[in-house]
1. Among the listed residues 72, 49, which satisfies the condition of being among the basic types (Lys, Arg) and more than 15 Å from residue 109 (Cα to Cα)?
2. For residue 91, only one of the following conditions fails: (1) modelled with pLDDT of 95 or more; (2) farther than 30 Å from residue 122 by Cβ. What is its number?
3. Name the residue, out of 100, 25, that is surrounded by fewer than 16 Cβ atoms within 10 Å (Cβ to Cβ), under 25 Å from residue 11 (Cα atoms) and under 18 Å from the mean Cα position of the chain (by Cα).
Amino acid sequence: MKRSHTVFRTVFFGVACLFAACVAVQIFIAGLAIFTDSSHWHDHEVFVRIFELFPLLMLIFGFAGKLPVSFRWISVVLLLLIFAQYFTAHVQGAGAFHPVIAAVLFWLTLRTAARSRHLAFPGKGSANGGASS
């Protein structure tokens, strides 16, 4: 494999990890707004602007790193879920799906990061040479 592919796969993994951390922080901020002080809603609305396009970066790095097609599709799904968050936050009656989508975003991103780790760092941390099941 070309060194550039390995670099892009490593960056994909890093962005996926960072995205998962940002989603967790975003959920925490929402909890602060609900249970502590409603002024944190502004923080919730602003913080998403920092990481909302990370899935697009993941898609780009997925192509550049020649990751399996499934990683590219997952990146598209993550981006669509971010857009769905805007929809559920602003459409009457759809708000109940907002925390559900957040949970799916977090789970799917963690799973994607874990799976991409084996491709970014082949042979490390696995007795079978980094192959995932």
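1. Of 72, 49, the one residue that is among the basic types (Lys, Arg) and more than 15 Å from residue 109 (Cα to Cα) is 49.
2. Only one criterion in (1) modelled with pLDDT of 95 or more; (2) farther than 30 Å from residue 122 by Cβ is unmet by residue 91, namely (1).
3. Details: 100 fails: under 25 Å from residue 11 (Cα atoms).
That would be 25, the only listed residue that is surrounded by fewer than 16 Cβ atoms within 10 Å (Cβ to Cβ), under 25 Å from residue 11 (Cα atoms) and under 18 Å from the mean Cα position of the chain (by Cα).
Per-residue answers, yes or no, for (1) touching a helix residue (DSSP H, G or I) at 6+ places or on another chain (Cβ under 9 Å); (2) exposed (fewer than 15 other Cβ atoms within 10 Å of the Cβ):
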{"position": "68", "(1), (2)": "yes, yes"}
{"position": "93", "(1), (2)": "no, yes"}
{"position": "104", "(1), (2)": "yes, no"}
{"position": "115", "(1), (2)": "yes, no"}
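The values are calculated or read from the model by the stated rules, or taken from the named source; none is laboratory data. In this text, all values refer to a predicted model and were calculated from it rather than measured experimentally. Cβ: placed from backbone, ideal geometry, glycine included. Neighbour counts: every protein chain shown.
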